[in-house]
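S.K.: Supplied in C-alpha cells, the structure appears directly below.
The values are calculated or read from the model by the stated rules, or taken from the named source; none is laboratory data. Bear in mind that the values here come from a model prediction, so they are computed numbers and not experimental data. Cβ placement follows ideal geometry from the backbone for every residue including glycine, while neighbour counts extend to all protein chains displayed. For the accessible areas, the whole protein counts, side chains as well, though only heavy atoms, and no ligand, DNA or RNA atoms are used. Shrake-Rupley method; radii C 1.70, N 1.55, O 1.52, S 1.80 Å.
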Amino acid sequence: MLEVQGLSKSFKDLQAVKDVSLTLKEGESVGLLGPNGAGKSTTIQMMSTGLTPTSGQVIYNDKDALKNPKQLRRDLGVVPQDIALYEELSAYENLLFFGRLYGLKGKALKTKIEEVLALVGLSDRKKDRVKNYSGGMKRRINIAASLLHNPKVLIMDEPTVGIDPQSRSYILDLIKQLNKENHMTVLYTSHYMEEVEKLCDRIYIMDHGEVIASGTKSDLQNLMQEEETVWVETLEKNQAFKQALEADQTITQVIESDQGYKVIAEKREDLLGDLFDYAKVHHVKLTALAIQTPTLEDVFLHLTGRKLRD
Amino acid sequence: MWTVFMMQWKRLLKQPFVVLTFFGLTLLFVTFLGQSQTTGKVGVQTYTDDLSNPAYTMLIDELNDSDQFEFRQSDRTTVEERIKNNQLSFAVELNEASFSFLVGQSSFSQPLVREYLTEVYQEKRWLDANDLTESDLNNYIPLETTSVDTAGDSIQYQTQVVVGMTLYFVMYTVLFQMMSIAEQKTDGTWERMMLSPVSKMKIFSGLFLHYFLIGFIQVGLSFVIFTQWIGFSFGNHYGLLLLSISLFLTAIVALGLMLVSLVKTPQQLQAVIPIVATASAMLGGAFWPLEFVTQPVLLIFSRIIPIRYGIETLSDVIVRGASMSELVSGYGFLIALTVLFGAIGVFFLERKQG
Ligand SMILES: Nc1ncnc2c1ncn2[C@@H]1O[C@H](COP(=O)(O)OP(=O)(O)OP(=O)(O)O)[C@@H](O)[C@H]1O
Ligand SMILES: [Mg+2]
C-alpha cells in the first residue's frame, strides 16, 4: 500500500537516514523501533511527503507520491512527535481548523469532531485552551487531530513519549482499536520495546540511520536462536562475579539491573552449571536462575551491542 | 483560503496584546515624528566679518522670526574648523548687504536657507528704501544662481520622510507578525497544515491576505493621523495611492515569506528582521534621500529593496500627482521583487528541504 525504497537523507555532513526501505500492507500494524537519533522521525517525515529525501522513493498505491503527493496526503494521518496544535486555542477550535483543511464542514465536521473527542476521551474538556491541558491530554488531542478525515494510513511518531502510564495504555488501546476495528494501516514509532511488541504485526529496527533487522516478532527472536538469555537474580551485587562472567568466552553480554544480571550467551548444555560455579567461587547468593525467551530488547542488544535506551 | 485567513485572525484576536502594543508604539512614533518634522527647526550656523556686534545680534533676531530655521551666532574660525571636521555641512556669512555660503558638503536644507535669506535681504533692502540699481540687486543673490524650486524641494523632502517612516514601520509590524509562521514551523502546526491536501496556493493566499491586511490597516491609520492631526496632504490621487501601498505591502509579505523560509527558528528571524528592515530603510531612502547613497555597490543593492520603490512611487503620487505611466517602472520593480521573494519563500516553505 505504502512503501519507501532506498530512502536516504543527509543534513550537511550528517547522514541521518541511509538506504531505508519499508513496506506497509493494507490493514497491517507495523512498528519502527530504534534508539534516540536513529532516524525514525526523519524517515517518517519523508514517508509522509513533508521532507524531501536526498535520494529514494515513496510509493503509494503504485504511484510516485513525491511527485504527486495529493492522494497520499488525503489518505494519510500523521501524528507528529511534537504536539502540533495551536496552544492558545481550545481543542475544539483546533479540530475545527484541521478538519476544514481536509475539506470537512458544517454538520459533518461537528459530528466528526465529537466522535474523535469521544474516541480520545476528552469530550468534557473540549472548550479548554490546549495550553491548559496536561501532557497526556495534549498527546491525545494531537492524535485526535490526525483522525478527523478517516485516514487510511496512520503514521504515529512516538505518541506516548513523556506521559503517565494511564494515558499511555489508553492511547495504546486506542491504536489497537483503530487498527483492528477501523482497519487503519498503522505505522507506529517508538523506542519502547513493550509497546511495539504488544501492538505491531511486523517490526523494523533502526539504528544509526539504517534498518538493521525486520520481520515479525518471532522472526526477530529467531535471530537469537544461537543464543540464550539467562536471568541471574542475586541477593547483592558483586563486581568480581560480574567480571568473571564477562571474561567467559561464551558469554556475549552481561547487563546489570536492579535485582541481578541478564546474561546473553551462546547456547550450550553446561551454561547453567557454569553460572552456579561462578557464583560459588565469588560467594554470591543466587535467588533465581531462569532461561528466558529473548525480548526485542535482547534482539537489539544482540544486533548492536548496545541497550536500546542508552 | 478563508479557513486559513480566518484562523490567523482568530489566533491574533486571542493574543492581541503584542500586536496592539506594536501598533500603538508605531502610531505614537509616527505621530511624534510627523510633528517634529513640521515644527522642528533646522539649525544654521552663521558668522560675520564686517557687522558690528549689536547689528549682528539684531540681524539674527530678525532672521529667527522664521519658524523653519534657527540661526545661531558663531565665528569664522570655529565654523571653518567644524566644516573641516565634517561636523557641519555648511555655514552662512552674514554681511550688511549680502550673504554667502561656506559649504563643506551639500545638504538639502542649504537651498532652503538660501531662498529664505534672499527673501529677507531683499525685503530688508526694500524697507530701508534705498535706491536700488540693477547691479546692487545682483549682490544680494549669491554667485552661483541655480533655479531650483526650493519650495517643491521642501515638500518633496517632508513627504519622503513621512512616507519613508510609515513604510519602515509597517515593514516592521508585518515582518514581526510573520514570526508566527516561524513559530508554527517549529511547533509542527505548519507541517500539519502543509501535509493536508489543501492546495498550497490556498494556504499561502490566506496567509498573504492576513498579513497584507494588518499592514494595510496600519498604513491607513498612519495616513489618517498625518492628515487629521498634522495636516499633511496626500493629494487626491487615491487610486494610485492605494495601488502603490498595495504593491509595496505585497512585496513586503513576499519578503517576509522568504525570510521565514530561510531561518530555522523564530529567534533567528527575530534577529534578522531589524537588520533587514533598517538596512533596507537606509539603502532605500526612508531615512534620508537616496542621493546620499553614493557607493555603487550599495546603489545596486538598493535596486532590490521594496521600500525604495514604495517611497518613490508614493512620493511621486503625492508631490507631483504622477500618472500611471510615470509609475510603471517602480510598480514593475515591486511586482518583480514580489515574484522573486515569493517564489523562494513558497519553495522552501512548502516542503522541508532539510
Ligand atoms: N533538520 C535537521 N537538521 C540537521 N540534523 C537533523 C535534522 N533533523 C534530524 N537531524 C539529525 O538526524 C538524526 C536523526 O534524527 P531523528 O529525529 O530522525 O531521530 P529519531 O530516531 O526520531 O530520534 P528520537 O527517538 O529522539 O525522536 C539525528 O542525529 C538528528 O540530530
Ligand atoms: Mg523522533
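S.K.: Collect residues whose amide H, placed 1.01 Å from N in the peptide plane, falls under 5 Å from the amide H of B:GLY235; neighbours closer than 5 in sequence don't count.
M.R.: Residues meeting the criterion, in which the H sits 1.01 Å from N, do not exist here.
S.K.: Right, here's the next one. With a 1.4 Å probe and all protein chains left in place, how much accessible area per residue does chain A have, in Å²?
M.R.: For chain A, the per-residue accessible area is 45 Å².
S.K.: FRET efficiency for B:LEU299 and B:LYS10, Cβ-Cβ distance as r, R0 = 51 Å, nearest 0.05?
M.R.: Details: r = 44 Å, r/R0 = 0.86.
With R0 = 51 Å, the Cβ-Cβ based efficiency is 0.70.
S.K.: How many percent of the accessible area of region B:163-203 is carbon or sulfur, using a 1.4 Å probe?
M.R.: 65 percent
S.K.: So for region A:2-215: antiparallel DSSP bridges make up what percent, rounded to the nearest 5? Before the final figure, lay out the partial values.
M.R.: Working: 20 of 38 bridges.
If I count the DSSP bridges inside region A:2-215, around 55 percent turn out antiparallel.
S.K.: What do you reckon, how do A:ARG129, B:ARG320 stack up by accessible area (1.4 Å probe), largest on top?
M.R.: Order by accessible area, largest first: B:ARG320, A:ARG129.
S.K.: Over what distance in Å are the Cα centres of region A:230-258 and region A:28-58 separated?
M.R.: Taking the Cα centre of each part, region A:230-258 and region A:28-58 sit 37 Å apart.
S.K.: Ballpark to the nearest 100 Å², how much total accessible area do A and B bury together, probe 1.4 Å?
M.R.: Chains A and B together bury approximately 2800 Å².
S.K.: Take A:LEU95, B:LEU259, A:LEU289 and sort them by solvent-accessible surface of the protein heavy atoms, 1.4 Å probe, largest at the top.
M.R.: So, going from the largest accessible area down, we get A:LEU289, B:LEU259, A:LEU95.
S.K.: Quick one: order A:LEU271, B:LEU221 from most to least accessible surface, probe 1.4 Å.
M.R.: B:LEU221, A:LEU271
S.K.: While we're here: In peptide A:38-46, what is the residue-averaged number of other protein chain Cβ atoms found within 10 Å of each Cβ?
M.R.: That works out to 1 on average.
S.K.: Kindly provide the pair-distance distribution of the protein assembly as shown built from C-alpha pairs, with 20 Å bins from 0 and whole-percent values in order of increasing distance.
M.R.: Percent of Cα pairs in each bin: 15, 32, 24, 16, 10, 3, 0.
S.K.: Once you average over the residues of A:76-86, how many Cβ atoms of partner chains fall within 10 Å of each Cβ?
M.R.: Details: counts 3, 1, 5, 1, 6, 1, 5, 3, 9, 4, 7.
Mean partner-chain Cβ count within 10 Å for A:76-86: 4.
S.K.: Something else about it: Take the alpha carbon atoms of region A:82-110, find their center, do the same for region A:139-160, and report the distance between the two centers in whole angstrom.
M.R.: Using only Cα atoms to place each centre, the spacing works out to 13 Å.
S.K.: What distance in nm lies between label points placed 7 Å from Cα along the C-beta direction at B:VAL224 and A:LYS280?
M.R.: 9.7 nm
S.K.: Suppose R0 equals 35 Å; then what is the FRET efficiency for B:PHE347 and B:GLU115 from their Cβ-Cβ distance, rounded to the nearest 0.05?
M.R.: Values: r = 53 Å, r/R0 = 1.52.
The calculated FRET efficiency here is 0.10.
S.K.: Determine how large the accessible area of A:ARG140 is when every protein chain is in place; take a 1.4 Å probe and give Å² rounded to the nearest 10.
M.R.: Here the residue's solvent-accessible area equals roughly 40 Å².
S.K.: Which order do peptides A:146-158, A:212-224, B:305-317, A:66-78 fall in by mean Cβ count within 10 Å, highest first?
M.R.: The packing order, highest mean first, is B:305-317, A:146-158, A:66-78, A:212-224.
S.K.: Okay, moving on. So for the pair A:ASP173, B:GLN267, with labels modelled 7 Å out along Cα→Cβ, what separation do we get in nm?
M.R.: Spacing of the two 7 Å Cα→Cβ label points: 4.2 nm.
S.K.: Could you tell me what percent of the accessible area of region A:39-124 is made up of carbon and sulfur, with a 1.4 Å probe and every protein chain present?
M.R.: 50 percent
S.K.: Further, regarding this structure: With every protein chain present, what accessible area does B:VAL272 have (1.4 Å probe, heavy atoms only), rounded to the nearest 10 Å²?
M.R.: B:VAL272 exposes around 50 Å² with every protein chain in place.
S.K.: Hey, another quick one. Rounded to the nearest 10 Å², what accessible area does B:TRP288 have for a 1.4 Å probe in the complete protein model?
M.R.: 90 Å²
S.K.: What FRET efficiency, computed as 1/(1 + (r/R0)^6) with R0 = 30 Å and r the Cβ-Cβ distance, is obtained for A:LEU235 and A:GLN292, rounded to the nearest 0.05?
M.R.: Rounded to the nearest 0.05, the efficiency is 0.90.
S.K.: Also, I was wondering about something else. Run the simple label-point estimate for A:ASP62 and B:SER233 please: 7 Å along Cα→C-beta, distance reported in nm.
M.R.: Roughly 7.5 nm, to one decimal.
S.K.: What does the structure give for B:180-192 when I average, per residue, the other chain Cβ atoms found within 10 Å of the residue Cβ?
M.R.: For this peptide, the per-residue mean of nearby foreign Cβ atoms is 4.
S.K.: Could you sort out which of A:LYS131/B:LYS10; A:LYS70/A:LYS131; A:LYS262/A:LYS285; A:LYS138/A:LYS176; A:LYS107/A:LYS138; A:LYS40/B:LYS202 sit more than 27 Å apart by Cα distance in this structure?
M.R.: A:LYS70/A:LYS131; A:LYS40/B:LYS202
S.K.: Please check: in the Gaussian network model of chain A (C-alpha springs, under 10 Å), which one of A:ALA244, A:ALA16, A:ALA265 has the largest mean-square fluctuation.
M.R.: Highest fluctuation among the options: A:ALA244.
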